[in-house]
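Just below is one structure, and these are the notes that go with it.
The values are calculated or read from the model by the stated rules, or taken from the named source; none is laboratory data. Quick caveat, the model's predicted, so the values are computed rather than measured. Virtual Cβ from ideal backbone geometry, glycine too; neighbours counted across all protein chains shown.
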Amino acid sequence: MISRKLFFFAMVTLFCMIFIELSQTAPLIKRQVGKVAFADFEGKVTGRFTWTNIPEEKCRVIGQFNTGLDSPDIGDYKLCIEDDDGKVIQDLTDEFRREVTINPPGSSPFEVDFPSMTVEDVVGDNLVLKFKEYKIGEAKIKSV
């Protein structure tokens, strides 16, 4: 009789301990405070691009053009980051052409991770969109 009660008590205790262990929350991992920047195109060409530092020393660039792209041929467009003097800092054309489909008057979304870029590198520069070597859109890259 005692062994049955002891066995039952041991099983209930074991079940309770397992339940308590499983119901405890995992310790939260501290959120990484990331740097973010954006560039808003206004005028004939409209759209927004954002830069976010992500783990593994990469920078994720996400963006989309909403209006101003009249030609459906992606080869007609060039996307680059320039300083205020017009000097090209980084050419994003290859990635842009590989990732984007033009659906006049806009484009499909663009998302690429760049290992050689940080938000700090691009803030203050200009994101420039060219159509057959003519500048059709320019946006200042600003920190959030």
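Points to keep in mind about this one:
- Subset of the stretch 89-102 that is in a strand (DSSP E or B) and not charged (D, E, K, R) - its residue that is surrounded by the most Cβ atoms within 10 Å (Cβ to Cβ): Ile102
- Annotation note: of Gly47, Gly43, Gly86, the sole residue that is assigned to a loop (DSSP other than H, G, I, E, B) and touching a residue at least 60 places away in the same chain (Cβ under 8 Å) is Gly43.
- In the set (1) touching a Cys at 6+ places or on another chain (Cβ under 9 Å); (2) within 21 Å of Cys59 (Cα to Cα); (3) assigned to a strand (DSSP E or B), Val112 fails one condition alone, (1).
Here's the yes/no breakdown for (1) in a loop (DSSP other than H, G, I, E, B); (2) modelled with pLDDT of 95 or more; (3) out of contact with any Phe, Trp or Tyr (no Cβ under 6 Å at 6 or more places or on another chain); (4) surrounded by 13 or more Cβ atoms within 10 Å (Cβ to Cβ):
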{"position": "Ile20", "(1), (2), (3), (4)": "no, no, yes, no"}
{"position": "Gln32", "(1), (2), (3), (4)": "yes, no, yes, no"}
{"position": "Ala39", "(1), (2), (3), (4)": "no, yes, no, yes"}
{"position": "Glu56", "(1), (2), (3), (4)": "yes, no, yes, no"}
{"position": "Cys59", "(1), (2), (3), (4)": "no, no, no, yes"}
{"position": "Asn66", "(1), (2), (3), (4)": "no, yes, yes, yes"}
{"position": "Ile81", "(1), (2), (3), (4)": "no, yes, yes, yes"}
{"position": "Met117", "(1), (2), (3), (4)": "yes, no, yes, yes"}
{"position": "Ala139", "(1), (2), (3), (4)": "no, yes, no, yes"}
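- Top-ranked residue of the stretch 119-136 - restricted to ones that are part of a strand (DSSP E or B) and touching a residue at least 24 places away in the same chain (Cβ under 8 Å), ranked as surrounded by the most Cβ atoms within 10 Å (Cβ to Cβ): Leu127
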